[in-house]
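The values are calculated or read from the model by the stated rules, or taken from the named source; none is laboratory data. This is a predicted model, so every value here is computed, not measured. A quick note on method: Cβ atoms are made from the backbone with ideal geometry, for glycine too, and the neighbour counts reach across all protein chains shown. Keep in mind that these areas ignore ligands, DNA and RNA; they rest on the heavy atoms of the full protein, side chains included. Shrake-Rupley method; radii C 1.70, N 1.55, O 1.52, S 1.80 Å.
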Amino acid sequence: MLKFLQRSLRRGFDLAERGLDRVFGPALNPLAQLGAMGFFLFWIVAVSGVYLFAVFDTGVERAYASVEWYSTSGHRWHAGVMRSFHRYASDLMIVVMALHMLREFSLDRYRGARFFSWITGIPVIWFLYISGITGYWLVWDQLAQYVATTSTELLDWLPIFGEPIARNFLAPSSLSSRFFTLLVFLHIAVPLVLLFVLWIHIQRITRPKVNPPRLLAGMTLLALFVVSLMKPALSQGPANLAKVPSPVGLDWFFLPLYPLADAAPGALWGLLAAATVMLAAMPWLPPLRRMQPATVFLDHCNGCGRCVEDCPYEALQLVPRSDDLPYALEVAVNTSKCVSCGICTGSCPSSTPFRTTDALHTGIDLPDLSFAEMRERVHAIAATLTQTPRVLIIGCWHGAASGQQEGVLQLPCIAAAPPSLIDYALSRGLADGVAIAGCSESACYNRLGLEWTRQRIAGERDPYLRARVPRERLATIWASPLEQARFNDELASFKARLAALPRTAPPAARRHLRVIEETTP
Ligand code: HEM
Ligand code: SF4
Ligand code: SF4
């Protein structure tokens, strides 16, 4: 059931993302920036909130009038717009959060060592809702009265408070300004807690994307501004505790469950508890697949720190040397954070396939798919390439190459292959061309693998692809598993380009070159 849901969502996101890739380009695709958009919206809500608070009266008698002041003619253009920004950015944050959560789920990025961001996302949902709901109380209009009464009745259903707190809203005389000020305080304190939890949320992620690209941020601000002018956020008439509150003009982003809270508070608590427990259990539900974490081979590690730079999940750290080798530092793996993407193997200078020692070791390796095995597989695949031009595909499990049966070196991430492996395959005549096939551009499963691969090929990042490698014999294809047709088209046109090039010498004729290459670091 969960698998079916995941697959359907993956298909839906993939279709939407490829469509948005065409409109915005992969770098600006909003679906690839959901976490960053969440942070950006938080800051919009925070700044507009501080602005509004400057003129807000925290006393219950004056609260409604002070909010109405925002919308009066002279202030509509600043305070009125700010109020709309505050409301609509909060609504959008709910949408962005829901999409972000579903997308991470659809990409299966919530289990194993990735559980941390998922689990810390759960309190984020709660705190975001509490922040929004407490915000609605402050306006002290009819909606606020309904929300306050229903929320307190809901809380009273739980046996936590000695005195029912809903009593505060029974009659005009029962609501004190002090209690109202407490509600105001909650609306400031809870978002601060939310920010703190968001900070924890990204602690296990290297270089988390917390700022969207400027153009996307600008477009979001413009869209909010247009909506603020077209449909300004307004109050719904002053609260009147002498009257029974009714659910007037509900905000369906923050308050969709309020009708249920009204009708069956027990059922709502049950639903919320079940949803929370279900979300919390998800990372540990079967099938549990976890490759073994990366392992360091100190004899081949000089403590250069490249792998630490490249690891997308903060799993590596440089520590003082523990052996006799003449280096100050060595790398250490935090196995609980390692997602076994292999990017560190691809970044280690010791990962050079040209070496001919009996056992091909590197500084840091995946026990389930060692670098030596990678090289062996390249040889095995090369032996099966019979049709010319012979193309070796170095592909990622999470991209379109996962659907190819032949000629593919399948890796957990495209960046697990060091650039020297491309050099090796071509200079040894093992293939006429190498196709690097990763995830689609805006959805790298291992966050940074695609970017690092690109930079290595372009010579902008160590270890870079050497200048001697003929670039016309190399192609990169970024496509998701659902884009088989595009993948096949790009592969076919690469083969056509290769066919027009002079044939490369087969491996046997190149053997004499080995002596020279083996001495190359
Ligand atoms: C508005 C609320 C949220 C914000 C602002 C937010 C923000 C972020 C950011 C900035 C990242 C890092 C993205 C990157 O650079 O790759 C991230 C990752 C993640 N988030 Fe959230 N998040 C929110 C809510 C949630 C929720 C509710 C969940 C799920 C319950 C969730 C699950 C995850 C997961 C699983 C990752 C890690 C993905 C990976 O392993 O690559 N987030 N989030
Ligand atoms: S395999 Fe390497 S790069 Fe990937 S998470 Fe583990 S330590 Fe980091
Ligand atoms: S990249 Fe290789 S040599 Fe450098 S610190 Fe990491 S394991 Fe050691």
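I need to check one value: relative contact order of region 33-281, counting alpha carbon pairs closer than 8 Å and at least 6 residues apart, in percent. Working shown, then result.
Working: 265 pairs, mean separation 78.8, N = 249.
So the answer I get is 32 percent.
Using a probe radius of 1.4 Å on heavy atoms only, what accessible surface per residue do you get for region 33-281? Whole Å² is fine.
On the way: 11940 Å² over 249 residues.
Per-residue accessible area for region 33-281 comes out at 48 Å².
Among Thr335, Thr453, Val378, pick out the residue whose Cα is farthest towards the positive end of the charge dipole of region 320-464, where Lys and Arg carry +1 and Asp and Glu carry -1 on C-beta, about the Cα centre.
The Cα lying farthest towards the positive end belongs to Thr453.
What does the extension gain come out to for Asp57 and Thr356, with contour length at 0.36 nm per residue minus their alpha carbon separation?
Values: separation 299, 0.36 × 299 = 107.64 nm, distance 7.71 nm.
Working it through step by step, the gained length comes to 99.9 nm.
If you take the beta carbon distance between Ala264 and Ile188 as r and set R0 to 35 Å, what does 1/(1 + (r/R0)^6) give as a FRET efficiency, to the nearest 0.05?
After rounding to 0.05, the efficiency reads 0.65.
Might you report the magnitude of the Cβ-based charge dipole of the chain about its Cα centre, with Lys and Arg at +1 and Asp and Glu at -1, to the nearest 20 debye? Could you put the intermediate results ahead of the total?
On the way: 47 positive and 40 negative charges, 235 e Å.
The dipole magnitude comes to about 1120 debye.
Can you list the HN-Hα couplings for region 327-333, worked out from phi with the Karplus curve (6.51, -1.76, 1.60; θ = phi - 60°), rounded to whole Hz and with x for Gly and Pro?
Once rounded to whole Hz, the list reads 10, 6, 10, 9, 9, 10, 9.
Mind checking which of Asn240, Trp69, Leu143 is farthest towards the positive end of region 33-281's charge dipole, using Cβ charges of +1 (Lys, Arg) and -1 (Asp, Glu) about the Cα centre?
Of Asn240, Trp69, Leu143, it is Trp69.
Only Lys, Arg, Asp and Glu count, each charged at its Cβ (+1, +1, -1, -1), so figure out the dipole size of region 65-186 about its Cα centre, rounded to 20 debye. List each step's numbers first, then the result.
On the way: 9 positive and 8 negative charges, 78 e Å.
Value, rounded to 20: 380 debye.
Based on the Cβ-Cβ distance of Gln292 and Thr72, what FRET efficiency does E = 1/(1 + (r/R0)^6) give at R0 = 56 Å, to the nearest 0.05? All intermediate terms of the calculation are to be shown ahead of the outcome.
On the way: r = 65 Å, r/R0 = 1.17.
About 0.30, to the nearest 0.05.
Starting from the Cα gyration tensor of region 321-477, take the square roots of the eigenvalues, sort them a ≥ b ≥ c, and report rounded, prolate or oblate (rounded when a/c is under 1.5, otherwise prolate if a/b is larger than b/c, else oblate). Kindly include the intermediate steps, with their values, before the conclusion.
Values: a/c = 1.65, a/b = 1.37, b/c = 1.20.
Verdict is prolate for region 321-477.
Report the convex hull volume per residue for region 243-311, counting only C-alpha atoms, in Å³.
Working: hull volume 12.7 nm³, N = 69.
With only Cα atoms used, region 243-311 gives 185 Å³ per residue.
Taking only C-alpha pairs under 8 Å that are 6+ residues apart, what is the relative contact order of region 294-345 in percent? Please list the in-between numbers first.
Numbers: 77 pairs, mean separation 22.3, N = 52.
Relative contact order, region 294-345: 43 percent.
In square nanometres, what is the average projected area of the Cα convex hull of the chain?
Numbers: hull surface 117.6 nm².
Convex hull of Cα atoms, orientation-averaged projection: 29.4 nm².
Regarding region 9-100, what's the average projected area of the Cα-atom convex hull, expressed in nm²?
Numbers: hull surface 30.3 nm².
The Cα convex hull of region 9-100, projected and averaged over all directions, gives 7.6 nm².
Using the Kirkwood radius over Cα pairs, work out the Stokes-Einstein diffusion coefficient for region 243-378 at 10 °C and 1.306 mPa s, in µm²/s as a whole number. List each step's numbers first, then the result.
Details: Rh = 19.1 Å.
Once the numbers are plugged in, D ends up at 83 µm²/s.
Could you give the semi-axes, largest first, of the ellipsoid that matches region 118-228, computed as the square roots of 5 times the alpha carbon gyration tensor eigenvalues and rounded to whole Å?
Values: eigenvalues 226, 80, 23 Å².
For region 118-228, the semi-axes come out at 34, 20, 11 Å.
What is the dipole size for region 33-281, taken about its Cα centre, with +1 at each Lys and Arg Cβ and -1 at each Asp and Glu Cβ, in debye to the nearest 20? Walk me through the intermediate numbers first.
Numbers: 16 positive and 12 negative charges, 183 e Å.
Computed charge dipole of region 33-281: roughly 880 debye.
How large, in percent, is the carbon and sulfur part of the accessible surface of the chain at a probe radius of 1.4 Å? Could you put the intermediate results ahead of the total?
Working: 15870 of 24610 Å².
It is 64 percent, rounded to a whole number.
What helices in the chain pass both tests, a Cα length along the helix axis of 27 Å or more and a mean Kyte hydropathy of -0.5 or higher, using whole DSSP H runs?
Working: long enough: 2-24 (31 Å, -0.37); 34-55 (32 Å, 2.14); 81-106 (36 Å, 0.57); 115-138 (36 Å, 1.32); 177-201 (36 Å, 2.02).
Flagged H segments are 2-24, 34-55, 81-106, 115-138, 177-201.
Could you calculate the FRET efficiency of Trp126 with Thr384 from 1/(1 + (r/R0)^6), where r is the beta carbon distance between them and R0 is 56 Å, rounded to 0.05? All intermediate terms of the calculation are to be shown ahead of the outcome.
Working: r = 54 Å, r/R0 = 0.96.
Computed FRET efficiency for Trp126 and Thr384: 0.55.
Set Lys and Arg Cβ to +1 and Asp and Glu Cβ to -1, take the dipole of the chain about its Cα centre, and tell me which of Phe253, Leu224, Trp199 lies farthest positive.
Final value for the positive-end residue is Leu224.
Output the relative contact order of the chain, whole-number percent, from Cα pairs under 8 angstrom with separation of 6+ residues.
Numbers: 791 pairs, mean separation 66.7, N = 521.
RCO, the chain: 13 percent.
Rule-of-thumb check for region 33-281: C-alpha Rg over 2.2 N^0.38 Å? Write down the numbers at each step before the final one.
Working: Rg = 18.8 Å, N = 249, 2.2 N^0.38 = 17.9 Å.
Dividing the Cα radius of gyration by 2.2 N^0.38 Å gives 1.05.
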